[in-house]
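Derivation of every value follows stated rules applied to the coordinates shown; laboratory data play no part. All figures in this text were calculated on a predicted structure; none of them were measured in a lab. Methodologically, a virtual Cβ is constructed for each residue, glycine included, from the backbone with ideal geometry; neighbour enumeration extends over all protein chains shown.
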Amino acid sequence: MSSHADALLVTCIDFRFWEKVSNVVKSLYKIQTMDIISFPGGVKSIVDDGVHSPVLENIRLSVTLHSVDKIVLVNHRDCGAYGGSGAFADREGELDTHFNDLEAAKDILHREFPEKEIIISFADMKSGMVDIVKEHQ
């Protein structure tokens, strides 16, 4: 017997973000049921490891077991897997890197799951609240 989840969230393990990100994503995208894959760097492993990524293996499992409709990819500011915010010359450079990886991961997932809606977002923490940036400006 299989179950159905509205979406799958792929995000970082960072304790500062993942729980708040999951709540914001559920509200923002009107999701009732959601699987969550939490891995250092969020989509970084998909981009770095491609079809052999452990994150991609878990995505395949979620799609197979829970027939998710949407895959939501969320990276975040000051991610340790990327070297933290200090690894970038400025905020724009950090956003560029994350959105490039989010787009690359989205392309990889679209090739494997062409029927799934894939949403990319970037999270920033301000005054204890998570702010989701849906598009790179």
Practice task
Please tell me if Asn100 is farther than 17 Å from Ser121 by Cα, within 14 Å of the chain's Cα centre (by Cα) and not acidic (Asp, Glu).
Solution key: no
Only one of Glu103, Glu112 is of a type in the set (D, E, K, R), surrounded by fewer than 18 Cβ atoms within 10 Å (Cβ to Cβ) and within 26 Å of Thr33 (Cβ to Cβ), namely Glu112
When Glu94 is run through (1) of a type in the set (Asp, Glu); (2) within 15 Å of the chain's Cα centre (by Cα); (3) crowded, with 17+ Cβ neighbours inside 10 Å, the failure sits at (2)
Output for Cβ contacts, cut-off 8 Å, separation at least six or different chains, first residue charged (D, E, K, R) in the stretch 13-36, second surrounded by fewer than 19 Cβ atoms within 10 Å (Cβ to Cβ), reads Asp14/Gly80; Arg16/Met125; Lys20/Met125; Lys20/Met129; Lys26/Gln32; Asp35/His66
Pairing a residue in the stretch 105-120 that is touching a residue at least 40 places away in the same chain (Cβ under 8 Å) with any residue that is part of a helix (DSSP H, G or I) and of a type in the set (A, V, I, L, M, F, W, C), where Cβ atoms lie under 6 Å and the two sit 6 or more apart in sequence or on different chains, gives Ala105/Ile46; Ala105/Val47; Ile108/Ile46; Ile118/Leu109; Ile120/Leu102
In the stretch 35-54, anything charged (D, E, K, R) and not in a helix (DSSP H, G or I) is listed as Asp35
Checklist entry - Does Ser121 satisfy the criteria of being surrounded by 12 or more Cβ atoms within 10 Å (Cβ to Cβ) and in a strand (DSSP E or B)? => result yes
Scanning the stretch 55-82 residue by residue, the ones that are touching a His at 6+ places or on another chain (Cβ under 7 Å) and outside any strand (DSSP E or B) total 2
Among residues of the stretch 1-33 being under 13 Å from the mean Cα position of the chain (by Cα) and of a type in the set (A, V, I, L, M), the residue farthest from Leu61 (Cα to Cα) is Val24
